[in-house]
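The values are calculated or read from the model by the stated rules, or taken from the named source; none is laboratory data. Since this is a predicted model, take the numbers as computed values, not measurements. Note: ideal-geometry Cβ built from the backbone for every residue, glycine included; neighbour counts use all protein chains shown.
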């Protein structure tokens with residue numbers, strides 16, 4: 001069976017725009033539930049300004065308190081060298097950085113031009129390289145910028161190439177607006193595969209228009225074996241109009257297991273983690289297959 | 001642009017298990033909304049026993065009252081030669097027949113063995129051939145029978161071959177339990193393509209576990225260009241445990257248009273048809289992308 005790495009981003013990309021403030025203890029309970037379900041890659045927080053994202057104000061305390069640091073790969077998002085330094089100070093070994101593929105989205109997202117963001121990203125990547133810290137770069141807002149229009153594949157590939165040359169360990173092709181469709185995903189990943197290979201490429205889809213699983217399968221079909229997802233579908237992009245709903249981890253893992261990919265993750269365990277996440281944000285969560293998972297009779301096992 | 005034929009089944013596969021009785025006038029209003037949205041292929045009813053499916057008791061009256069019979073392909077489901085005869089009596093030009101791939105499902109579904117069902121199906125196909133009536137055969141319950149276990153691809157292909165040899169015009173590969181996954185779909189349609197070609201093959205998916213769009217794209221990728229769907233996701237299989245939710249026509253058409261396939265169908269028109277369907281069954285309907293469609297701002301057009 002082919003292995004697929006699932007990287008859980010609910011605690012970062014999910015919680016960042018939730019109106020209910022979640023305590024550090026609550027976040028740790030969710031981390032524990034995710035580990036129990038079998039997740040080994042978890043993006044836990046971001047070292048951003050607490051004023052910009054109050055939900056992440058406990059980044060340092062949370063990181064220090066994380067369990068099983070020897071066997072779980074925890075990553076944190078950093079917006080710049082300052083955030084990076086705050087992160088490594090508490091022992092972070094893996095950082096991510098978001099680079100939007102359009103200048104306007106960069107400005108809306110983090111109030112910097114694309115060139116300024118690239119410079120900040122390269123600073124972090126180089127410093128991480130020196131420190132032996134893993135760096136992963138999101139290239140985000142592909143396919144279509146709501147402000148600038150279609151983003152050509154070439155621009156995404158050039159940006160990815162530039163980040164690899166600077167020393168980033170992985171590029172995450174991200175669609176936070178949920179504007180991707182499986183045919184475009186297939187074409188883009190075919191181009192990326194030819195130019196850069198897929199070993200260091202990951203994919204991050206949002207399920208805004210219900211195409212996330214189709215996009216995942218199109219990417220799988222090209223050979224992508226690394227995906228982000230968010231427990232219960234928690235999240236969305238707080239700065240992007242109409243963006244809602246990360247791809248839910250339980251939807252992703254169910255489809256992967258059905259398609260005979262090995263993830264090491266247990267769907268039943270994810271169901272329990274969704275309940276923990278619901279307790280934290282005080283609203284119902286759950287991926288699109290959740291009603292089925294909740295109602296299934298004993299007759300049909302989860303995995304065939 | 002590649003053409004894709006979308007066959008609307010909400011009035012048959014959707015309404016057959018709804019507890020609210022829908023009037024003939026209501027059904028005609030939905031047909032009109034579907035035609036306005038651009039649908040040209042509609043499965044409108046079934047000529048089954050009114051005792052078994054009371055919702056379809058008006059089959060003959062409905063068929064007689066249908067608009068635009070010269071340009072819309074209306075089909076009806078028939079369970080046997082008797083139903084076929086009732087259908088052609090009112091002028092039906094296209095019939096469908098359901099053949100479950102497992103003996104147990106046939107018995108549960110229509111209280112006949114697989115061999116008895118095949119015999120009945122072949123009778124209808126032959127008579128339709130003589131009468132110049134189009135016949136389409138659902139081979140249903142593939143991938144996994146909840147009672148018998150996995151169904152081998154060979155059995156499905158053999159059944160399809162047999163039905164083509166008997167004279168059916170099209171075979172619809174149907175997953176009413178929503179047990180398909182895109183990798184199995186891809187494999188099955190690759191096998192079918194090699195043995196039978198895809199020109200006379202259609203696919204029918206249910207969205208029970210949220211994989212219907214991924215399944216559609218996997219089938220599209222092999223070359224399938226004909227799909228069933230149900231307005232608002234109306235329906236499910238009334239005799240199958242846990243089956244719920246046909247693939248919604250609006251989800252299918254949105255993804256097809258995004259992937260640059262031509263359907264001749266307008267998503268806005270489908271949104272209005274969903275409202276008509278909701279009025280008939282007196283509950284909220286709508287595919288998985290409906291919240292997005294309802295909430296989108298002017299900034300983002302529906303189709304890019």
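Being within 14 Å of residue A:231 (Cα to Cα) and surrounded by 18 or more Cβ atoms within 10 Å (Cβ to Cβ) holds for only one residue in A:14, A:38, and it is A:14.
Among the residues of region B:41-56, just one is surrounded by fewer than 18 Cβ atoms within 10 Å (Cβ to Cβ) and either in a helix (DSSP H, G or I) or at pLDDT 95 or above (or both), namely B:54. Restricting attention to region A:57-79, the residues that are surrounded by fewer than 22 Cβ atoms within 10 Å (Cβ to Cβ) and in a helix (DSSP H, G or I) add up to 5. Checking each residue in region B:152-169 for being outside any helix (DSSP H, G or I) and surrounded by fewer than 21 Cβ atoms within 10 Å (Cβ to Cβ) picks out B:152, B:167, B:169. Scanning region A:93-105 for residues that are within 26 Å of residue A:63 (Cβ to Cβ), in contact with a helix residue (DSSP H, G or I) (Cβ under 6 Å, 6 or more places away or on another chain) and not in a strand (DSSP E or B) gives no hits. Looking at region B:264-282, is at least one residue within 14 Å of chain A (Cβ to nearest Cβ), closer than 23 Å to residue B:34 by Cβ and surrounded by fewer than 24 Cβ atoms within 10 Å (Cβ to Cβ)? Scanning region B:264-282 turns up at least one residue that is within 14 Å of chain A (Cβ to nearest Cβ), closer than 23 Å to residue B:34 by Cβ and surrounded by fewer than 24 Cβ atoms within 10 Å (Cβ to Cβ). Checking A:93, A:82, A:118 one by one, the residue that is out of contact with any strand residue (DSSP E or B) (no Cβ under 6 Å at 6 or more places or on another chain), surrounded by fewer than 16 Cβ atoms within 10 Å (Cβ to Cβ) and away from chain B (no Cβ under 14 Å) is A:82 and no other. Confirm whether residue A:185 is away from every other protein chain (no Cβ under 14 Å), touching a helix residue (DSSP H, G or I) at 6+ places or on another chain (Cβ under 6 Å), within 24 Å of residue A:106 (Cα to Cα) and crowded, with 20+ Cβ neighbours inside 10 Å. Against the criterion (away from every other protein chain (no Cβ under 14 Å), touching a helix residue (DSSP H, G or I) at 6+ places or on another chain (Cβ under 6 Å), within 24 Å of residue A:106 (Cα to Cα) and crowded, with 20+ Cβ neighbours inside 10 Å), residue A:185 does not qualify.
Residue count for region B:125-143 under the criterion of being in contact with a helix residue (DSSP H, G or I) (Cβ under 9 Å, 6 or more places away or on another chain) and either assigned to a strand (DSSP E or B) or within 14 Å of chain A (Cβ to nearest Cβ) (or both): the result is 8.
Considering A:141, A:132, the condition of being at pLDDT 95 or above and at positive phi is satisfied by A:132 alone.
Among the numbered conditions (1) buried (at least 24 other Cβ atoms within 10 Å of the Cβ); (2) within 14 Å of chain B (Cβ to nearest Cβ); (3) over 16 Å from the mean Cα position of the chain (by Cα), the only one that residue A:175 does not meet is (3). Per the listing B:214, B:260, B:297, B:203, the residue uniquely within 10 Å of another protein chain (Cβ to nearest Cβ), under 18 Å from the mean Cα position of the chain (by Cα) and either at pLDDT 90 or above or more than 19 Å from residue B:141 (Cβ to Cβ) (or both) is B:214.
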